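The values are calculated or read from the model by the stated rules, or taken from the named source; none is laboratory data. This is a predicted model, so every value here is computed, not measured. Here the Cβ is made from the backbone with ideal geometry for all residues, glycine too, and neighbour counts use every protein chain on show. These area figures cover heavy atoms from the full protein model, side chains too; ligands, DNA and RNA do not enter into them. Shrake-Rupley method; radii C 1.70, N 1.55, O 1.52, S 1.80 Å.
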Amino acid sequence: MKEFTQRNAITATLFNLIINIVAPFIIFYKYEFINLKGETPTLVSILMPTVLISVFATTLATFVTMTKQRMAHKLEPTLDTHISWFSTALLTSIGLGLAFTGLCFGLLWLLQSSMANVQLPKLPALLISGVVGAFVAFISSFIAVNRARRIG
């Protein structure tokens, strides 16, 4: 289980680091700057989807991978193939996604409230997106493993 947890966390972190730099780059390709607040694109418009999708996808992928390996008796504790787990996986993914997104939104709101508008060059903004996406994926992968372990 420890090996699975570590491998899963590393995979989620690296995958989300890459995807959360590439996807905003493609979406916001015509912009040179990302605003802290004010006119779009802002850090909110980059980070909210980053956090929500990273946490949701990581949690769901972790549940699916871990459950299938447990059912195939490749991971302990094994799991009966008749166990209903998908609704738990989906609800956990949605709940964690919304919780992390709400926390991120609150932190961004505090940042925006305490600072004047600044324009970040696109590269640093994309790196922030990648690092934030990787960080929340890393954390949610551990939460998902612990939650998926309780099924059965």
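Of all the residues that make up the stretch 72-94, how many are open to solvent by less than 40 Å² (accessible area, probe 1.4 Å) and not in a loop (DSSP other than H, G, I, E, B)?
Residues flagged as open to solvent by less than 40 Å² (accessible area, probe 1.4 Å) and not in a loop (DSSP other than H, G, I, E, B) within the stretch 72-94 amount to 4.
Please give the number of the condition VAL118 fails out of (1) in contact (Cβ under 8 Å) with a residue 24 or more places away in the chain; (2) closer than 27 Å to PHE25 by Cα; (3) touching a helix residue (DSSP H, G or I) at 6+ places or on another chain (Cβ under 9 Å).
(3)
Restricting the search to the stretch 23-51, which residues are among the hydrophobic types (A, V, I, L, M, F, W, C) and either closer than 16 Å to THR65 by Cα or open to solvent by less than 70 Å² (accessible area, probe 1.4 Å) (or both)?
Selection gives ALA23, PHE28, ILE34, LEU36, LEU43, VAL44, ILE46, LEU47, MET48, VAL51.
Can we say GLN69 is of a type in the set (S, T, N, Q), open to solvent by 40 Å² or more (accessible area, probe 1.4 Å) and either in contact with a helix residue (DSSP H, G or I) (Cβ under 8 Å, 6 or more places away or on another chain) or closer than 16 Å to VAL132 by Cα (or both)? Walk me through it before giving the result.
Details: of a type in the set (S, T, N, Q): yes; open to solvent by 40 Å² or more (accessible area, probe 1.4 Å): yes; either in contact with a helix residue (DSSP H, G or I) (Cβ under 8 Å, 6 or more places away or on another chain) or closer than 16 Å to VAL132 by Cα (or both): yes.
Spelling it out, GLN69 is indeed of a type in the set (S, T, N, Q), open to solvent by 40 Å² or more (accessible area, probe 1.4 Å) and either in contact with a helix residue (DSSP H, G or I) (Cβ under 8 Å, 6 or more places away or on another chain) or closer than 16 Å to VAL132 by Cα (or both).
Go through the stretch 1-22 and count every residue that is assigned to a helix (DSSP H, G or I) and either open to solvent by less than 90 Å² (accessible area, probe 1.4 Å) or among the hydroxyl-bearing types (Ser, Thr, Tyr) (or both). Outline the logic, then answer.
Quick first cut of the stretch 1-22, residues assigned to a helix (DSSP H, G or I) only: 2-22.
From what's left, either open to solvent by less than 90 Å² (accessible area, probe 1.4 Å) or among the hydroxyl-bearing types (Ser, Thr, Tyr) (or both): 4-5, 8-9, 11-13, 16-17, 19-22.
Residues in the stretch 1-22 being assigned to a helix (DSSP H, G or I) and either open to solvent by less than 90 Å² (accessible area, probe 1.4 Å) or among the hydroxyl-bearing types (Ser, Thr, Tyr) (or both): 13 in total.
Hey, can you tell me all the residues within the stretch 72-103 that are closer than 19 Å to LYS2 by Cα and touching a helix residue (DSSP H, G or I) at 6+ places or on another chain (Cβ under 9 Å)?
Across the stretch 72-103, the qualifying residues are LYS74, LEU75, GLU76, PRO77, THR78, LEU79.
Working only within the stretch 115-135, note down all residues that are in a helix (DSSP H, G or I) and not hydrophobic (A, V, I, L, M, F, W, C). Quick ask: steps written out before the conclusion?
Step one: of the stretch 115-135, the residues in a helix (DSSP H, G or I) are 122-135.
Matches in the stretch 115-135: LYS122, PRO124, SER129, GLY130, GLY133.
Can you find a residue in the stretch 107-118 that is under 15 Å from ILE46 (Cα atoms) and of a type outside the set (A, V, I, L, M)?
Within the stretch 107-118, one or more residues are under 15 Å from ILE46 (Cα atoms) and of a type outside the set (A, V, I, L, M).
Here's the yes/no breakdown for (1) of a type outside the set (A, V, I, L, M); (2) within 21 Å of ILE143 (Cα to Cα); (3) touching a residue at least 60 places away in the same chain (Cβ under 8 Å):
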residue: VAL22; (1), (2), (3): no, no, no
residue: LEU47; (1), (2), (3): no, yes, yes
residue: LEU52; (1), (2), (3): no, yes, no
residue: THR59; (1), (2), (3): yes, yes, yes
residue: ALA72; (1), (2), (3): no, no, no
residue: LEU75; (1), (2), (3): no, yes, yes
residue: ILE94; (1), (2), (3): no, yes, no
residue: LEU98; (1), (2), (3): no, yes, no
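Please go through the stretch 121-134 and give me each residue that is free of Cβ contacts under 8 Å to residues at least 24 places away in the same chain and either open to solvent by 60 Å² or more (accessible area, probe 1.4 Å) or in contact with a helix residue (DSSP H, G or I) (Cβ under 6 Å, 6 or more places away or on another chain) (or both), ordered by number. Walk me through it before giving the result.
To start, the set of residues in the stretch 121-134 that are free of Cβ contacts under 8 Å to residues at least 24 places away in the same chain comprises 123-124.
Matches in the stretch 121-134: LEU123 only.
Could you list all residues from the stretch 140-152 that are open to solvent by 40 Å² or more (accessible area, probe 1.4 Å), in contact (Cβ under 8 Å) with a residue 24 or more places away in the chain and in a helix (DSSP H, G or I)? Before the answer, list the steps.
Going residue by residue through the stretch 140-152, those that are open to solvent by 40 Å² or more (accessible area, probe 1.4 Å) are 142-143, 146-147, 149-150, 152.
Next, only the ones that are in contact (Cβ under 8 Å) with a residue 24 or more places away in the chain stay: 142-143, 147, 149, 152.
Of everything in the stretch 140-152, those that are open to solvent by 40 Å² or more (accessible area, probe 1.4 Å), in contact (Cβ under 8 Å) with a residue 24 or more places away in the chain and in a helix (DSSP H, G or I) turn out to be PHE142, ILE143, ARG147, ARG149.
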